[in-house]
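Q: Quick one: structure below, then a few questions.
Derivation of every value follows stated rules applied to the coordinates shown; laboratory data play no part. These figures come from a predicted structure and were not determined experimentally. Here the Cβ is made from the backbone with ideal geometry for all residues, glycine too, and neighbour counts use every protein chain on show.
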Amino acid sequence: MFFLNTLKQLREAGILGINRRNIDFIQKYNRRKYFPNVDSKLKSKLLAQQVGIPVPELYYVIESYFQIKNIHEVLSKYASFVIKPEHGSGGKGIIVLNQKDGKFFKLSGEEVGLEKIKEHLGNTLSGLYSLGGQPDRAFVEYKVDFDPQHSNLSFQGTPDLRIIILKGQPVMSMMRLPTQQSGNKANLHQGAVGVGIDLETGMTTFAIQGSSLIEYHPDTKAKLSGIKINEWEKIITYAEKCYEVFKLGYMGVDLVLDEKLGPLLLEANARPGLSIQIANQCGMLKRIKDLNLTY
Amino acid sequence: MKNKFLIVPYLLFAIAIGMLAYRHFVLKAEFLPVITNDTWKLEVTVDAEELASNKVIKLNIPSTLSKARIIQEGYSQTVQGMTVYESNGIRTLVWSNRGVENSIPEKAFNYSVVLQQGTSGIEIPSNLSQLSVDLVADFPDYQPELLTKYIREIKQAKKNVALELGECFAKSKCLESNTGITKSISIRKKAILLVNVLRQNNFKAAIARGFYPEKPTKDTNFIYWVRAEKEQKTYNVFLDSEISNGQQVLFWDFLDELNQISNPVNMHYSMLPDENYNFLKPQKEVLHSKFFDLISLHDLPASVQVVYRVMLLIPLGALIVAFTRIIIGVSAFGTFMSVLVALSFNQVGLKVGLSLLLIMIVAGLIFRGLMSKMRLLSVARISCTLIFVIMSIAVISKISWNFNLVEGFSATLFPIIVISMIIERMSIMIEEAGIKPTIKNLINTIIMSSIIHLIMTTKIVQYWSFSFWEMHIVIMGLLMLIGRYNGYRLSELFRFRNLVNK
């Protein structure tokens with residue numbers, strides 16, 4: 001009975017499951033030839049800039065092992081930076097570093113040796129973090145300083161905003177907050193907190209960690225509901241614009257709110273996860289219906 | 001119907017069901033497997049590669065003295081020079097490349113025979129030469145006087161020397177106290193020693209070589225025992241407690257002859273229960289059905305059949321994987337990793353397979369952990385893990401051989417690349433996501449592999465996948481339907497349960 005009852009309840013609540021997402025959304029709206037637009041973070045950056053969506057500044061691209069040898073000279077120019085794999089997924093292979101006197105430190109303050117950075121770059125190039133394990137490129141970019149108004153929402157890492165866009169229309173959104181458990185990453189599977197956001201007002205609604213509802217950030221103890229996200233209209237506008245540039249009918253757009261530069265596009269995802277429904281305490285199909293959208 | 005192409009799976013079902021019905025109702029093919037232990041197909045292939053010229057190969061083949069009935073027999077050869085002669089009821093196949101000057105093709109010859117009730121029935125030839133074994137060199141601890149004393153005791157107790165010695169040799173303690181041999185020795189070596197001792201005691205004795213009939217084999221897994229004869233009574237002396245309880249083995253060869261021919265020659269044996277014969281027994285004319293000839297895989301050589309019997313189980317494994325992923329929502333390492341692991345379980349058995357897999361993964365993770373300190377690039381690192389896994393398997397095979405653990409040394413089908421990738425993925429996952437989800441994924445992989453293995457090893461599944469291989473059209477149709485399933489996965493009922501309860 002549990003199965004039948006739950007099945008009925010999920011249907012009634014308009015919850016979107018993985019199979020339906022794959023068949024009725026991803027396969028239907030996302031043509032394979034446009035996947036590289038979002039699978040390559042470098043290409044996404046370039047495309048976004050062309051239509052005026054701001055992105056974190058690109059510092060350097062590492063394509064060959066030879067470039068790793070002299071990476072110290074490149075990295076020493078910046079007080080802080082982020083190293084990312086071009087085709088990474090789920091936050092894998094991303095490291096955020098501060099630099100002082102030629103030495104490198106994680107956000108936690110732990111020193112990271114140059115050899116360790118070189119090894120990380122080598123692993124990235126050989127495809128350890130890339131989708132499908134293909135050889136990859138690594139790039140160094142501007143490190144976002146999160147809007148200080150919301151600084152108590154995150155433990156060390158940078159929170160990001162995920163907006164689901166269906167045929168150019170925002171459907172659902174949430175903020176992902178790094179925690180100690182998630183290893184400072186905004187990855188819900190690793191224990192980051194997901195906070196639902198009301199699309200109209202930009203106010204936070206519910207918060208979850210795993211599949212449990214929570215009220216306060218587990219590390220900073222900040223209250224998570226009823227917070228107004230700054231520059232919300234801009235954020236929504238940029239997310240909507242992503243549809244015309246990436247040409248994917250169903251995608252997750254990830255943005256961050258920088259202290260100085262405002263909303264910046266980090267990346268888009270052609271296969272966005274479904275936990276956003278729990279964070280918003282609302283089924284995706286129900287939301288689509290409420291917004292009078294068709295699929 | 002939203003998608004007009006969805007008619008395809010139903011068409012596939014119709015085609016397959018039509019073929020099955022035709023085979024069952026018209027060609028009278030049995031839907032249930034017939035017990036096949038009484039009919040066996042044996043093949044011997046001799047590779048000619050690196051075969052010296054002027055070579056003569058002799059091979060004892062089943063004879064008229066055999067209790068086994070020869071149903072079919074066939075030879076093929078690439079160089080003319082084969083003959084079969086019979087002497088004292090023993091048939092011998094002789095092949096020679098004498099006088100052939102051109103390069104010899106890959107296969108020298110192939111001999112195949114289908115036997116019914118083929119058990120230990122072949123007589124021992126009367127003119128066996130003494131084994132040329134230097135017992136002192138081979139068994140340095142051997143103390144003949146201890147054994148002589150023991151044999152005297154057996155004779156005084158009026159017991160059968162051959163059987164008593166066999167029972168004693170099977171137990172290492174008894175072997176040690178009555179021969180002085182302290183080192184663990186293989187069954188084959190025990191057999192060599194026993195044959196020599198029995199011959200010294202006026203027995204006609206020879207080493208026999210055979211197979212476990214219930215386990216179709218290819219190239220390996222011989223078991224050795226001793227056949228002894230005295231005063232017109234024949235004894236099968238098994239030196240392995242596992243096969244002493246009347247388990248049937250097919251009698252094939254004598255060590256003397258084997259030594260003469262096998263050392264310089266690459267000779268492959270393969271043996272299979274011959275379902276073909278039983279499968280079609282009621283309707284022999286079906287053999288001549290063109291349709292059956294076209295689709296039946298039973299006519300293929302036994303060694304090729306072995307490959308297809310394994311290969312044709314894979315689609316079912318793929319169906320199970322698709323079902324558990326799409327309908328249940330189980331996450332495991334790699335898409336088809338569980339199927340490959342299950343195939344290796346099929347080869348070595350579940351218990352041994354699981355132990356080997358876990359030993360290999362734990363050892364591999366430790367090795368991988370040590371290597372991570374060297375900070376190698378990933379391609380080189382994975383390659384090192386791969387070599388480590390291959391060498392571990394070789395070590396396990398060698399140890400198993402020395403201790404007569406049959407399952408262990410045949411672990412060569414273990415999917416080495418898959419295991420290396422599991423080790424690499426696990427190691428990264430432990431670092432990124434922690435030990436808990438990694439172990440969970442490993443447990444899921446093992447459970448899925450075990451379930452697939454258990455299903456694959458069911459007699460009826462094996463029978464259908466090979467004999468009615470048009471069933472794979474049905475599997476393809478089912479996969480197409482599963483591939484269009486857009487309902488909830490079972491795991492999602494739990495994942496979203498709290499959301500709807502609120």
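Q: Between region B:473-502 and region A:8-27, what is the separation of their alpha carbon centroids in Å?
A: Cα centres, region B:473-502 to region A:8-27: 9 Å.
Q: Give me the number: length gained by fully extending A:GLN169 to A:LYS116, i.e. 0.36 nm times residue separation minus the C-alpha to C-alpha distance, one decimal in nm.
A: 14.8 nm
Q: Compute the FRET efficiency between B:ALA380 and A:THR201 as 1/(1 + (r/R0)^6), taking r as their Cβ-Cβ distance and R0 = 45 Å, and round to the nearest 0.05.
A: It comes out at approximately 0.25.
Q: Tell me, what is the FRET efficiency for A:GLU259 and B:LEU358 to the nearest 0.05, using R0 = 35 angstrom and their Cβ-Cβ distance as r?
A: 0.10
Q: How far apart, in nm, are two points set 7 Å out from the Cα along the Cα-to-Cβ line at A:LYS106 and at B:PHE494?
A: Placing both labels 7 Å along Cα→Cβ, they lie 3.1 nm apart.
Q: What's the exposure ranking of B:LYS440, A:LYS260, going from fewest to most Cβ atoms within 10 Å?
A: So the residues, fewest neighbours to most, are A:LYS260, B:LYS440.
Q: Which three extents, in whole angstrom, do the alpha-carbon atoms of region A:14-98 cover along their principal axes, largest first?
A: 52, 27, 25 Å, listed from the longest principal axis down.
Q: Cut-off under 20 Å on the C-alpha distance; same-chain residues fewer than 8 positions from A:LYS43 excluded. Which lysines are left, in chain and number order?
A: A:LYS33, A:LYS84, A:LYS92, A:LYS143, A:LYS241, A:LYS247
Q: Pop a pseudo-label 7 angstrom from the Cα along the beta-carbon direction at both A:LYS221 and A:HIS189 and give the gap in nm to one decimal.
A: Placing both labels 7 Å along Cα→Cβ, they lie 3.3 nm apart.
Q: Roughly speaking, what is the stretch gain from B:ILE17 to B:ASN160, that is 0.36 nm per residue apart minus the C-alpha to C-alpha distance, in nm to one decimal?
A: Here the answer is 45.5 nm.
Q: How high is the FRET efficiency between A:TYR60 and B:ILE399 when r is their beta carbon distance and R₀ equals 45 Å, given to the nearest 0.05?
A: Given R0 = 45 Å and the Cβ-Cβ separation, E is 0.30.
Q: Still on this structure: Find the Cα radius of gyration of chain A, compare it with 2.2 N^0.38 Å by division, and give the number to two decimals.
A: 1.01
Q: What is the angle, in °, between the Cα long axis of helix A:2-12 and the longest principal axis of the Cα atoms in chain A? Nearest 10 is fine, range 0 to 90.
A: Between helix and principal axis, roughly 90 degrees.
Q: Looking at region A:160-248 from every direction and averaging, what is the projected area of its Cα convex hull in nm²?
A: For region A:160-248, averaging the hull's shadow over all directions gives 5.9 nm².
Q: Let me ask you something else. Once you have the Cα-Cα distance between A:LYS8 and A:ALA79, take 0.36 nm times their residue separation minus that, and quote the gain in nm to one decimal.
A: Result: 20.1 nm gained on full extension.
Q: Once both labels are modelled 7 Å past Cα along the beta-carbon direction, what's the A:SER212-B:ASN501 spacing in nm?
A: 1.3 nm
Q: May I ask you to sort B:LYS158, B:LYS149 by Cβ crowding, counting other Cβ atoms within 10 Å and putting the fewest first?
A: Sorted ascending by nearby Cβ count, the order is B:LYS158, B:LYS149.
Q: Taking the alpha-carbon set of region A:22-172, what are its Rg and Dmax in Å?
A: 17.0, 53
Q: Sketch the reach of a paramagnetic label on B:ILE451 as a point 7 Å from Cα along Cα-to-Cβ, and name the residues of region B:459-497 whose backbone nitrogen lies under 13 Å away.
A: Under 13 Å, as judged by backbone N against the label point of B:ILE451, lie B:490-491 of region B:459-497.
Q: Compute the separation of the alpha-carbon centres of region A:65-79 and region B:137-156 and state it in Å as a whole number.
A: Using only Cα atoms to place each centre, the spacing works out to 77 Å.
Q: OK, next. For region A:150-194 and region A:229-295, write down the distance between their C-alpha centroids in whole Å.
A: Centre-to-centre distance over Cα atoms comes out at 12 Å.
Q: So the label point goes 7 Å from the Cα of A:VAL51 along Cα→C-beta, right? Which residues of region A:224-258 then have their backbone N under 11 Å from it?
A: It comes to A:238-249, nothing else.
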